[in-house]
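The values are calculated or read from the model by the stated rules, or taken from the named source; none is laboratory data. Keep in mind the model is a prediction, meaning the values are calculated, not measured. A quick note on method: Cβ atoms are made from the backbone with ideal geometry, for glycine too, and the neighbour counts reach across all protein chains shown. The area values use the complete protein model at the heavy-atom level, side chains included, leaving out ligands, DNA and RNA. Shrake-Rupley method; radii C 1.70, N 1.55, O 1.52, S 1.80 Å.
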Amino acid sequence: MYTEQVMDHFMHPRNVGEIEGASGVGTVGNAKCGDIMRIYLDIDDDQIVRDAKFKTFGCGAAIATSSMATEMIIGKTVKEALAVTNKAVMEALGGLPPVKVHCSLLAEQAVHAALWDYAQKNGIVIEGLEPPVDDVDELEHEDEEE
Amino acid sequence: MIYMDNAATTGLSERAFEAMRPYMMENFANAAGTYSFAAKSSAAMERARGQIAKVIGAKANEIFFTSGGTESDNWALKGVVEANAAKGRHIIISAIEHHAILHSADALKKQGCEVTVMPVDADGLVDPKTVEAAIRPDTVLISIMAANNEIGTVQPLEEIGEIAHRHGVIFHTDAVQAFGHIPLDVDKMHIDLLSASAHKFHGPKGVGILYIRRGTKIAVFMDGGAQEKRRRAGTSNVPGIVGMGEAAQAAMEEMETAMPAVAALRDYMIARIEKEIPFVKVNGHREKRLPGNVNVCFRFIEGEGMLMLLDAAGICASSGSACTSGSLDPSHVLLAIGLPHEIAHGSLRLSIGENTTREQADEVIEQLKVIIPRLRSMSPLYEDFVRTQA
């Protein structure tokens, strides 16, 4: 059901962990739905993402998308990181089964939440960045519920 | 490969396969034929009917062949409701029934049937007293499973059956997980209808039975030819039926010797998991439990990742997490026993059988001791938990 790339990022996830004194931390999702992602960012004075780490409670796709999302934003500017969409993460993973698309959205939202935390801490406005939504997962699932 | 998903399906036994083989090849006759070539097939079928009846203390003419547990469950619920409409349209089921029962009940509800769902306690047991209290003058059926497919809890069938009969209500039990694994007696347990499926006890897939106690009012399920006394039409699946009969007889012969060993291995696995892996919860009743069922929740992790890592280690198992159930919610069984969502997501079912060895059990536990900490090291829930402990 998963592509080789998803399996690779699940079996050998990149950037698992925490960053002490991170520039920004974002946590999205909820345990009720079975997915929680937390992303830590280390951003330097030039607004470049020097490092990113993640912790994820969730399925194989959730872990793989977190891993891929962190890979895709390391070395990017804050603006470029913000432009990494869930679609881009999915494409990099060679696609996801339809029921797992929300995992990629969660990864995008986790990056945004961490960037928002960074912006708030530093009094910066990042153009196009919206404040994080609570219960991203529930919002996503609304129309799927019976 | 280590196969620990026997509750999902079992492998066909050599003995059942050998019994089936002639009826797939040289004895291919339609059992309904009038020539002597067909008589062999119909005789083999009737022999199987007897073999199966014996397992549950029934008479051979009370066994009706179906395509499996799901069909039998559908037939029991829908057939009883249809045939007893004059009495009423109220049925009683439990919250932890298989989807074949739950969704049949939903379908009946849409047709105006009323359904009372019995809760279960933290071990997954139905309280017979609450069943009795739920009976109404228009109650036509009580359907409570013999043993649960996920957590293995065995229900007090005898008490529930006694209550049903005292109130003149038909009693059905979905015994798909129990048949051939634990003793069942339709008279002692006051059972009127019983569903079973061959592939859960080393028989072939696609064949099962509905036991119908003589005199039970139940509608015809499949219209067509005269098979199964005109109550379930369709050309008889002779090889399947023969294989099921042989597997049923083998299961009965071996129950007393094989099952205590399976149960001992189950208890050994549960004890080791509880002792050697922290933050674990055992699901289901500890004693009133299917011999082959191990079901535990590991806190702070989600089941699918666990299954994927087990699979990578060559181990087949299952989970009641949302990701594996194909819906957003974890298993209805785990929620019904009162588990919060986040704990239910971390469930693991290991269903062992007669062929499971101690070495395999040890290997699975050694793998879990690596996999669980690995997933926890990635879990923000575990990170938060550790922080609160510091």
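Considering (1) more than 24 Å from A:GLU20 (Cα to Cα); (2) touching a residue at least 40 places away in the same chain (Cβ under 8 Å); (3) assigned to a helix (DSSP H, G or I), the lone condition that A:LYS87 does not fulfil carries the number (2).
Does A:TYR40 satisfy the criteria of being buried (at least 19 other Cβ atoms within 10 Å of the Cβ), at negative phi and part of a strand (DSSP E or B)? Yes: the conditions hold for A:TYR40. Scanning segment A:43-75 for residues that are more than 14 Å from chain B (Cβ to nearest Cβ), part of a strand (DSSP E or B) and either of a type in the set (Val, Ile, Thr) or at positive phi (or both) turns up A:ILE43, A:ILE48, A:VAL49.
Only residues that are part of a loop (DSSP other than H, G, I, E, B), β-branched (Val, Ile, Thr) and at pLDDT 90 or above were counted across segment A:90-136, and they come to 3. Checking A:ALA31, A:ALA69 one by one, the residue that is out of contact with any Lys or Arg (no Cβ under 7 Å at 6 or more places or on another chain), among the hydrophobic types (A, V, I, L, M, F, W, C), in contact (Cβ under 8 Å) with a residue 24 or more places away in the chain and open to solvent by 10 Å² or more (accessible area, probe 1.4 Å) is A:ALA31 and no other. Within segment B:225-263, the residues that satisfy the criterion of being at positive phi and touching a Ser or Thr at 6+ places or on another chain (Cβ under 9 Å) are B:GLU228, B:GLY234. Beta carbons closer than 7 Å, at least 6 apart along the sequence or on distinct chains, pair a first residue in segment B:273-286 that is polar (S, T, N, Q) with a second that is crowded, with 18+ Cβ neighbours inside 10 Å for B:ASN283/B:ILE151; B:ASN283/B:ASN295; B:ASN283/B:VAL296; B:ASN283/B:CYS297; B:ASN283/B:LEU334; B:ASN283/B:ILE337; B:ASN283/B:SER347. Could you pull out the residue among B:ALA38, B:ALA86 that is modelled with pLDDT of 95 or more and open to solvent by less than 10 Å² (accessible area, probe 1.4 Å)? B:ALA38 is the lone residue from the list that is modelled with pLDDT of 95 or more and open to solvent by less than 10 Å² (accessible area, probe 1.4 Å). Taken over segment B:89-113, the residue count meeting the criterion of being more than 24 Å from B:ARG214 (Cβ to Cβ), among the polar types (S, T, N, Q) and surrounded by 16 or more Cβ atoms within 10 Å (Cβ to Cβ) is 1. Residues of segment B:180-211 that are closer than 20 Å to B:ASN355 by Cβ and part of a loop (DSSP other than H, G, I, E, B): B:GLY180, B:HIS181, B:ILE182, B:HIS202, B:GLY203, B:PRO204, B:LYS205. Listed by first and then second residue, the pairs linking a residue in segment B:370-390 that is within 9 Å of chain A (Cβ to nearest Cβ) and closer than 21 Å to B:SER347 by Cβ to a residue that is open to solvent by 70 Å² or more (accessible area, probe 1.4 Å) and in a helix (DSSP H, G or I), with Cβ atoms under 9 Å apart and 6 or more places separating them unless they lie on different chains, are B:LEU381/B:GLU342. With respect to the conditions (1) under 20 Å from the mean Cα position of the chain (by Cα); (2) open to solvent by 10 Å² or more (accessible area, probe 1.4 Å), B:THR116 falls short on a single one, namely (1). Remark: pairs (first residue in segment B:85-99, on the phi > 0 side of the Ramachandran plot; second residue not charged (D, E, K, R); Cβ separation under 8 Å; 6+ apart in sequence or on different chains) = B:GLY88/B:PRO137; B:GLY88/B:THR139; B:GLY88/B:VAL140. Do we have any residue at all in segment B:276-299 that's of a type in the set (Phe, Trp, Tyr), open to solvent by less than 70 Å² (accessible area, probe 1.4 Å) and in contact with a strand residue (DSSP E or B) (Cβ under 7 Å, 6 or more places away or on another chain)? Yes, segment B:276-299 has at least one match.
Within segment A:15-42, being of a type in the set (D, E, K, R) and facing chain B (nearest Cβ under 8 Å) holds for A:GLU18, A:LYS32, A:ASP35, A:ARG38. Of everything in segment A:5-35, what is of a type in the set (A, V, I, L, M) and modelled with pLDDT of 95 or more? Give them in sequence order. A:VAL6, A:MET7, A:MET11, A:VAL16, A:ILE19, A:ALA22, A:VAL25, A:VAL28, listed by residue number. The residues listed here are B:ALA44, B:ALA48, B:ALA7, B:ALA19; of these, the one that is touching a residue at least 60 places away in the same chain (Cβ under 8 Å), under 20 Å from the mean Cα position of the chain (by Cα) and surrounded by 18 or more Cβ atoms within 10 Å (Cβ to Cβ) is B:ALA7. Evaluation of B:ARG349 against the conditions (1) open to solvent by 40 Å² or more (accessible area, probe 1.4 Å); (2) of a type in the set (Lys, Arg); (3) more than 14 Å from chain A (Cβ to nearest Cβ) shows that the sole unmet condition is (1). Against the numbered list (1) in contact (Cβ under 8 Å) with a residue 12 or more places away in the chain; (2) closer than 19 Å to B:ASN283 by Cα, B:ASP127 comes up short only at (1). Collect the residues in segment B:147-173 that are surrounded by 24 or more Cβ atoms within 10 Å (Cβ to Cβ), within 17 Å of the chain's Cα centre (by Cα) and among the aliphatic types (A, V, I, L, M), keeping them in residue-number order. Passing the criteria: B:ALA147, B:ILE151, B:LEU157. Applying the criterion of at least 2 residues that are closer than 21 Å to B:VAL120 by Cβ to the helices (runs of 4 or more DSSP H) found wholly in segment B:262-337 leaves B:322-325, B:332-336. Does B:THR356 fit the bill of being more than 14 Å from chain A (Cβ to nearest Cβ) and open to solvent by 40 Å² or more (accessible area, probe 1.4 Å)? Answer is no for this residue. So is B:GLU383 more than 22 Å from B:MET145 (Cβ to Cβ) and open to solvent by 50 Å² or more (accessible area, probe 1.4 Å) or not? No, not satisfied.
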